[in-house]
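Throughout, read-outs are computed from the coordinates displayed, never taken from laboratory work. Nothing here was measured: the structure is a model prediction, and the numbers come from that model. Note that each Cβ is placed from the backbone with ideal geometry, even for glycine, and that neighbours are counted across all protein chains shown.
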Amino acid sequence: MPPVPPGGYDLPLSPPVVQFPLPPQWVMIRSTQDWRHAGTFEKELSKACASRQFREQMPLRYRAIFKGEVLGVAFGHGLNLHDPKKQANRRLIYLFRNGDSTGCTIVSITNEDVRVLNDAQPAGATKR
């Protein structure tokens, strides 16, 4: 590597250089509400997540953003979900908080819950 020029580098900060590009990441849910009120807390699945028996295949590939907090998203039908014991309900969406640690918390929501969480509904839309 060449030596550092006098006065150091005057370059803007940039993302780290990696051998392979990072996979794309998608924001699936965005809400200004608190994530604790998004759906139902899943105690047994949270225990299974802590033991790595129920987890995301690629952490934070799909994301949910609640008041600035980012949660991982996996779908009960199998998209981005590692579930060897088949504990997932196919109709639910699972939100993972701290999904890569033993302090994992899982909240399950339905598609109807996602529509209610959407704060930016089009004009004229009615809530049922």
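A crude spin-label estimate for the pair GLN33 and ASN89, with each label 7 Å from Cα along the Cβ direction, gives 1.6 nm.
What the phi angles of the stretch 55-69 give under the Karplus curve with 6.51, -1.76 and 1.60, with θ = phi - 60°, is a coupling list of 7, 7, 5, 10, x, 6, 5, 10, 10, 10, 10, 10, 6, x, 8 Hz, glycine and proline written as x.
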